[in-house]
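Bear in mind that the values in this text are calculations on the coordinates, not laboratory data. All figures in this text were calculated on a predicted structure; none of them were measured in a lab. Cβ placement follows ideal geometry from the backbone for every residue including glycine, while neighbour counts extend to all protein chains displayed.
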């Protein structure tokens, strides 16, 4: 064997594959197929229910965008080999902090938001630090944070304000530049024009008679798209992205190759906390109040979206685009079932079926790609 | 590739099954959507669901019940937006948080959908949002009715055990009761806290300091249950006049045993049933009651207990 | 630099884990272009020794001289930067990642776009394909996942990676222990190629026949101590086998097994 081949014969055991098959076999396949199936189904069963008119589209887009924001964080963290179960509690906590700082303490809203982000990043870093230092499963560590953060979210407003919902954020956020970055709307001119041109519905009565029912694209959706694009580029096109894959694929092997695995994992925990806080800030700015029960169970919804999108629960494999499609499917199904008039308690049945189908398909695709047996 | 296609086809069929079942069940005509703030786990709302279904059947209209699975009010706002986008004939919704829900509700009203507010919120807030009416139990009025009833029974002084003093509606209940009796509330209301043994001891302390108190009013199972224990301990059970808001297992037992004279039921059944009936008639014949409807207070005494026990969890 | 000087010298290395003495004074020197085979039974201290050499463990006592200068590694990264690369048996590659991502793991090529730096996939892919071709591995594409490669191919990719990134000393931890006959032959021929490029190879194994096939010198470890170093041709496979087992028992065992071990 020591005489090296100069001209390598094609290995007869490697079957040639068609171009189409090559294009199809990718981690996002489950998400792409699911999206097509879901939209096709609702186009058939809920077309004239208003689901595909401006108000309906805005409705499921906003719900999907919410899922996307937390799914991007959960996706990168999961690829890096860890979980964060405290996402939902972090949403409640961050929202409550913004409301407490701005309403109760009377700080300017921009300062309240910035301080909350710093606080959230610190908590994310602490989660990550405990995980990499103790070597405990992140499942357990962040389960503890889930309870701790939720506890504080109830405790602070109840002891200080004697209530669990803090309102009045809209009033103090009037004209605040940073609040507009999270709660504002863009392209309002376009939508007014669309309304005037009769292309989208307008209000029939009340003070806003004649104005379009959808008056702009909420910043929530802009944030979702920006985070998806940034997440995708970082994961696939940067050195750090390669480190994320490596840290989740095999942390020890990555360490031996010189990848700073601990730093990667901690920064992914921080990013997840960042995404949760973006979610919370958009929500508080849109609805004008923070409640102690905001974000309940959102961590699971994020993880479900990521898994529908083709990521591997054990890490090292996945796609941000897939996770975004998973979030889209999640949002469209959740709201679409209402449009289709399905009994709402069946939502979970439906979700379970989709989750199972997506995971079966994803596992099949992944085995083709990675040669797992 | 064929095996891949098979997976996809299978997925599509399984996913489509519940949808098809749903669309065949729907009928033409009026459609009303009830949106509540209760999480799936809250069994109290089962009465609401049943009341809604019964009204839908009796009026021959389509009804749907929706709620945020975890009770997250921000999710509830999205559900109201969704309900509005599907253009039903009317929306029936609770108003658990004015800040969060007022925007979506006003949008629904402005896009031509009639809205009835039930259960939570106030008649004033319902009017501000342009809702047709409010169906619920205004806390002050309920307290007032209870006070008038107690006055007729000869009560002149009372103790209000308030376990949720931070909530304005709890205080309204006590104030209404005092006004019904025609006395000052003064220090007849105590802040009992939520801890059962603490509540019990505070009640015992108050009654030994004020032995000539005629009546006790509790605001729900949280304060009623320890108060029953306190009265059994100091021997006043069955002797002192005892009324309570809301029903619960211990409360029903105590009514049966003659310890509690009456329980105030806000009758959630009516909060779902009446809006459907009212709106259907409004949309069919243009008739609308001229005012809000109080679903409560309904007084449950030992006499009416049979029905309560029979339909508990279903319609009561 | 003198080509006849050892590139790395390990002098009286001791490593204690609490009360356990894993290495009790091991010395070893490796020359450029030499394949130095480190033999020993399970538990002899081979793994601890190479982990000390590659910067994973710090020696409790003893000295490491690299190109004649004393060296202290705080992290594995320091050893890699110095030119000491280690290929671990199971941890060489990440199966879920593509060959090209694995190849450049920890050494990602960057391309600048304005102030931003991106992973240069084009460069990475072409280098990977080229290196794989040189090592005799037929890839479907640079994005083929390592999981689809055989065990021998994975070891070869790992060795090629270490060589590409300028390893002067290549430590191979039992690269052949889990492989079939043909794959073993492939890996051994890869070792031979690497040695001929002037790289010092430290080859860890407990298989005497694999050692005899490529090694220039043999060092046998037993119970944390060196039993001596022998030149190729100065020692027979049987003698090596006995040294590894640390004495007479194996001779008796071998008799009962009909000389097959």
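For this structure, a couple of remarks:
- Calculated log₁₀ intensity ratio I(q)/I(0) where the Debye formula runs over C-alpha points of chain C, q = 0.11, 0.17 Å⁻¹: -0.63, -1.34
- Globularity ratio of the stretch C:95-148, using Cα Rg and 2.2 N^0.38 Å: 1.19
- Spatial offset of the stretch A:295-373 relative to the stretch B:45-109 amounts to 27 Å, using the alpha carbon center of each.
- Three-way shape label, chain A, alpha-carbon gyration tensor, a/c 1.5: oblate
- Principal-axis tilt of helix B:73-85 within chain B, Cα atoms, nearest 10 degrees: 50
- Each 10 Å bin from 0 upward holds the following percent of the Cα-Cα pairs of the stretch B:52-126: 18, 53, 27, 2.
- Kirkwood hydrodynamic radius computed over the stretch A:196-283 comes to 16.4 Å, based on all pairs of distinct alpha carbons.
- In chain B, the ratio of gyration radius to Kirkwood radius, Rg to Rh, stands at 1.07 when only Cα atoms are counted.
- Separation of alpha-carbon centers, the stretch B:163-196 and the stretch A:66-93, rounded to whole Å: 44
- Residues A:177, A:223 arranged by fewest to most Cβ contacts within 10 Å: A:177, A:223
- Between residue A:196 and residue A:300, the modelled labels are 4.9 nm apart [label points 7 Å from Cα along Cα→Cβ].
- Computed over chain A, relative contact order equals 35 percent, with contacts defined as Cα pairs under 8 Å that lie 6+ residues apart.
- When each of A:308, A:154, C:84, C:50 is scored by the number of other beta-carbon atoms lying within 10 Å, the sequence from fewest to most is A:154, C:50, C:84, A:308.
- Simple spin-label estimate for residue B:307 and residue A:187 in nanometres, 7 Å along Cα-Cβ: 5.6
- Most mobile of A:257, A:323, A:302 in a GNM of chain A (Cα contacts under 10 Å): A:257
- Largest mean-square fluctuation among C:230, C:215, C:160, in a Gaussian network model of chain C whose springs join Cα atoms under 10 Å apart, belongs to C:230.
- 0 to 90° range, to nearest 10: angle between helix C:121-135 axis and chain C longest Cα axis: 40
- Averaged over the residues of A:290-296, the number of partner chain Cβ atoms lying within 10 Å of the residue Cβ comes to 5.
- At the listed q of 0.05, 0.11 Å⁻¹, the Debye profile of the protein assembly as shown, built from one uniform point per Cα, gives log10 I(q)/I(0) equal to -0.44, -1.28.
- Sequence-separation-based contact order of the stretch B:139-265, relative, with Cα cut under 8 Å and 6+ spacing, percent: 24
- Scattering from the stretch C:1-119 was approximated by placing one identical point on each alpha carbon and applying the Debye formula without solvent; log10 I(q)/I(0) at 0.14, 0.19, 0.20 1/Å stands at -0.73, -1.10, -1.17.
- Tilt relative to chain B, helix B:98-110 - C-alpha long axis, 0 to 90 degrees, to 10: 50
- Distance histogram in 10 Å bins (all Cα pairs of the stretch B:23-91, percent per bin): 20, 48, 30, 2
- Top of B:258, B:296, B:286 by mean-square fluctuation, Gaussian network on chain B, Cα under 10 Å: B:286
- Semi-axes of the equivalent ellipsoid for the stretch B:139-265, Cα gyration tensor, largest first, Å: 18, 16, 15
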